[in-house]
Amino acid sequence: MEAVFRINGKEKTFSFDSDATLLAVLRDSGYTEIKEGCREGACGACVVLLDGLLINSCQVFAASAAGKEIITVRGLGDVHSPHPVQSAFVDSGAVQCGYCTPGMVLAAYSLLQKNPDPDDSEIKRALDGNLCRCTGYVKIVEAVRLAAGRMQGNG
Amino acid sequence: MREIRWYYPENLKQLPDLLKREGVIPHGGGTGILRGSLNHIEGLIDLGNLQLRYVRYRNGKIEVGAGTTYADLIEHLSGTDPDHILVKALKAAASTPLRNRITVGGSAAFFPVWSDLMGPLLALDAEVTLTGEKGGSYSLSDYTKNGELRKMSLITSVQWKNKSWTSFYHRESRTKVDYPVFSISILLKVRKDTIEDIKIIIVGTARRFTQCLQIEESLKSLTLDQARIEGIGSKLDVQFTGRRNFSAEYLKHCVGIQLERGLKAILRS
């Protein structure tokens, strides 16, 4: 089947099997910043924003996302013009192996869109669907705090 | 590769015919469907265009559209009643990205053993409204017990009386992020230090859920000082089936302890 998604601001037509997940379709189409982890909605490596909501792309049929807006971590910024959340992750040392980082950045971005000044418990709660096996999360929480401050002009 | 046919109805009138088709099932958030085998599925009815994502107040009831996600409901109720039992329960369910996707209707229809939704809804005496072959309103309790109601029908909304309760919710799991093996939902209404009403639902028992009617009756009309909680757990008439990590006896023991703790906490509050 075929469907149009608006991905990172651009409309694009995708062809895929009717039972394909959004994760499979996007990765097969070159969006490899979306990582494949557990494939059961537990690790958060594959999250994207679907119509503004953070979702596990491994738990969504591509057919159900037809016509919707998708943002991956590449849609937030790139190495030349990073989003404040991306810069904060680098500056805080919140990246080790990097596999969870696209998901963590998107989860943090999603939180800060709704709640620009979260406390630590709100940050941890917003990241409850994203696993990191390297950092122990301390630096990641610091990064979100730093990003929040910078986005409010305090950094 | 076997093709699954997708249907995108634009209004509820199109649903009954689609629901009659062999192997065709509704798709809300899709998280439950993706957990099972797709082998028996011939078609999926995407409910995304049916305007079923809402929370509204009508005739003294809260009505929640079947397409409302856990995150939607938490956000709505947190604004009006932050201590609502559904806020406590759904905040503990799954994770942020999954709560953005799991729908109330799908969860009520699917009723997984780990559900954090069903205990609170059953305690609230919720009703479901169905469209399709068995269209109409039914108590959620009847809906879960009667498989016929689920055939060729779709939940379009869940509603319950908008009353103020003191609440307690406990989910028993090995770790915070694990599925609960059982959950306890307690609702309490006290007037002038006397227990006017109490509801206790345990989800995850051998019969999927158990309402603790005897305990409820034994506590009603007592003053808070008269209510004796010690020993209630050991008298609890509830059966579990053994799981991979827990024997039935162990679960019964645990639920008794947690029920006593819950009752003490809610009576203190």
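Rg and Dmax in Å for the range B:5-48, alpha carbons only: what are they?
So, for the range B:5-48, Rg and Dmax equal 10.2, 29 Å respectively.
Mind giving me the nanometre distance, one decimal, between the label points for B:Ala92 and A:Lys10, set 7 Å out from Cα along Cα→Cβ?
4.7
Given B:Lys163/B:Lys235; A:Lys12/A:Lys68; A:Lys10/A:Lys68; A:Lys68/B:Lys88; B:Lys176/B:Lys235, which pairs have Cα atoms separated by over 21 Å? Walk me through the numbers on the way to the answer.
On the way: B:Lys163/B:Lys235 30 Å; A:Lys12/A:Lys68 11 Å; A:Lys10/A:Lys68 11 Å; A:Lys68/B:Lys88 31 Å; B:Lys176/B:Lys235 28 Å.
From B:Lys163/B:Lys235; A:Lys12/A:Lys68; A:Lys10/A:Lys68; A:Lys68/B:Lys88; B:Lys176/B:Lys235, over 21 Å: B:Lys163/B:Lys235; A:Lys68/B:Lys88; B:Lys176/B:Lys235.
Top mean-square fluctuation among B:Leu124, B:Leu236, B:Leu38, Gaussian network model of chain B, C-alpha springs under 10 Å?
So, out of B:Leu124, B:Leu236, B:Leu38, the one fluctuating most is B:Leu38.
Using only Cα atoms, find the angle between the long axis of helix B:70-80 and the longest principal axis of chain B, and express it within 0 to 90 degrees, rounded to the nearest 10.
50
If packing is taken as the mean number of other Cβ atoms within 10 Å per residue, what is the order of A:99-112, A:4-17, A:122-135, highest first?
Values: A:99-112: 25.0, A:4-17: 14.1, A:122-135: 19.0.
Sorting A:99-112, A:4-17, A:122-135 by mean packing, highest first, produces A:99-112, A:122-135, A:4-17.
If each residue of separation counts as 0.36 nm, what is the full-extension length gain between B:Glu148 and B:Arg261 once their alpha-carbon separation is subtracted? Display every interim value, and only then the final one.
Values: separation 113, 0.36 × 113 = 40.68 nm, distance 3.76 nm.
Full-extension gain reported as 36.9 nm.
Using only the alpha carbons of chain A, what is the convex hull's orientation-averaged projected area in square nanometres? Mind showing how you got there, number by number?
Numbers: hull surface 34.5 nm².
The number I arrive at for chain A is 8.6 nm².
At 7 Å along Cα-to-Cβ for each site, give me the label-to-label distance between A:Val90 and B:Thr80 in nm.
4.6
Among the aspartates and glutamates, select those whose C-alpha is under 15 Å from the C-alpha of B:Lys151, and discard any that sit fewer than 8 residues away in the same chain.
Those aspartates and glutamates meeting the cut-off are B:Asp17, B:Glu22, B:Glu133, B:Asp142.
Please compute the Kirkwood hydrodynamic radius over chain B, one decimal place, Å, based on all pairs of different Cα atoms.
Numbers: mean 1/r = 0.0512 Å⁻¹.
Every distinct Cα pair counted, the radius reaches 19.5 Å.
Give, in nm to one decimal, the length gained when the segment between B:Thr223 and B:Thr194 is fully stretched (0.36 nm per residue of separation minus the Cα-Cα distance). Don't skip to the end; give the middle numbers.
Working: separation 29, 0.36 × 29 = 10.44 nm, distance 0.41 nm.
Full extension from B:Thr223 to B:Thr194 adds 10.0 nm.
Kindly sort A:His80, B:His40, B:His27 by accessible area of their heavy atoms, largest first, with the probe set to 1.4 Å. Don't skip to the end; give the middle numbers.
Working: A:His80 165, B:His40 125, B:His27 0 Å².
Putting A:His80, B:His40, B:His27 in descending order of accessible area: A:His80, B:His40, B:His27.
Starting from a Cα-only point model with no solvent, please compute log10 I(q)/I(0) by Debye for the range B:1-153 at q = 0.12, 0.18 1/Å.
The computed values of log10 I(q)/I(0) come out as -0.51, -1.18.
Would you tell me the mean number of C-beta atoms belonging to other protein chains that fall within 10 Å of each C-beta in B:98-106, as a whole number?
Working: counts 9, 5, 11, 9, 2, 0, 0, 0, 0.
Shielding by partners across B:98-106 averages 4.
Beyond 24 Å between alpha-carbons counts as too far, so tell me which of B:Lys145/B:Lys252; B:Lys134/B:Lys189; B:Lys145/B:Lys220 fall in that bin.
Distance filter (> 24 Å) returns B:Lys134/B:Lys189; B:Lys145/B:Lys220.
Mind running the shape call on the protein assembly as shown? Use the C-alpha gyration tensor, a ≥ b ≥ c as the square roots of the eigenvalues: rounded below 1.5 for a/c, prolate if a/b tops b/c, oblate otherwise. Don't skip to the end; give the middle numbers.
Working: a/c = 1.95, a/b = 1.33, b/c = 1.47.
Oblate shape, in that a/c is at least 1.5 and b/c is the bigger or equal ratio.
Run the simple label-point estimate for B:Thr241 and B:Arg268 please: 7 Å along Cα→C-beta, distance reported in nm.
Result: 3.6 nm between the two label points.
Using only the Cα atoms of the range A:2-75, construct the convex hull and provide its projected area averaged over every direction, in square nanometres to one decimal. Could you put the intermediate results ahead of the total?
Details: hull surface 16.5 nm².
Approximately 4.1 nm², given one-decimal rounding.
The values are calculated or read from the model by the stated rules, or taken from the named source; none is laboratory data. Every value quoted in this text rests on a predicted model; they were computed, and no experiment measured them. Note that each Cβ is placed from the backbone with ideal geometry, even for glycine, and that neighbours are counted across all protein chains shown. All accessible areas refer to the heavy atoms of the entire protein, side chains included, with ligands and DNA or RNA removed. Shrake-Rupley method; radii C 1.70, N 1.55, O 1.52, S 1.80 Å.
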